[in-house]
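Written out below as structure tokens is the structure these notes cover.
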Amino acid sequence: MRKYTKYPLLLLLLLTLFACSKPKIDATSDETMRDSMQAIAKSLPEEEKEEFGKALQAVMLFTGMSSLGKGKEEMQKVIKEKLHGKTAEDIMEMAKKIQEDVKAKQGQ
């Protein structure tokens, strides 16, 4: 009988872990990307929403600029690949790194 009591506990643990995971960008389509970015923004405290929006713009702009001359569809593909699976924290960290890289290049 003890053998079967482990499975519900394991299932409960797994559900708890998945429920606590942070929302991520789903860039499999334009619609899922838009919806997932909105879900991420809604999940953030008010003070982080603006920071997330600015960071998202910076990452998308920088990524898009790095693929200039490749056409609109290729640029969108590169941006989606860069953002897919990322959390708000990931995006904000990416934006900070971009900012640091730009400052370093300006200082050379």
Quiz item: Stretched out fully, how many nm does the piece from residue 73 to residue 105 gain, at 0.36 nm a residue minus the Cα gap?
Solution: 8.6 nm
Quiz prompt | Per residue accessible area of segment 38-79, 1.4 Å probe, in Å² | solution = 70
Quiz item: Which of 49/82; 42/70; 42/72; 22/105; 49/97; 22/70 have a Cα-Cα distance over 27 Å?
Solution: 42/70; 42/72; 22/105; 22/70
Exercise. With a/c under 1.5 counting as rounded, go ahead and sort segment 24-108 into rounded, prolate or oblate using the C-alpha gyration tensor (a ≥ b ≥ c being the square roots of the eigenvalues; past the cut-off, prolate if a/b is larger than b/c, else oblate).
Key: oblate
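Leaving out ligands, DNA and RNA, and with a 1.4 Å probe, what % of the accessible surface on segment 27-82 is carbon or sulfur?
Taking all protein chains in place, segment 27-82 shows 54 percent carbon and sulfur surface.
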Quiz prompt | Amide hydrogen neighbours beyond the local backbone of residue 86, cut-off 5 Å, H modeled | solution = 25
Self-check item: Around residue 60: net Lys/Arg minus Asp/Glu count, Cβ-Cβ under 14 Å
Solution: +4
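The values are calculated or read from the model by the stated rules, or taken from the named source; none is laboratory data. Quantities reported herein were computed from a predicted structural model and do not represent experimental measurements. All Cβ positions, glycine included, derive from the backbone under ideal geometry; neighbour counts span all protein chains shown. Accessible surface is based on the protein model in full, side chains and every heavy atom, while ligands, DNA and RNA are left aside. Shrake-Rupley method; radii C 1.70, N 1.55, O 1.52, S 1.80 Å.
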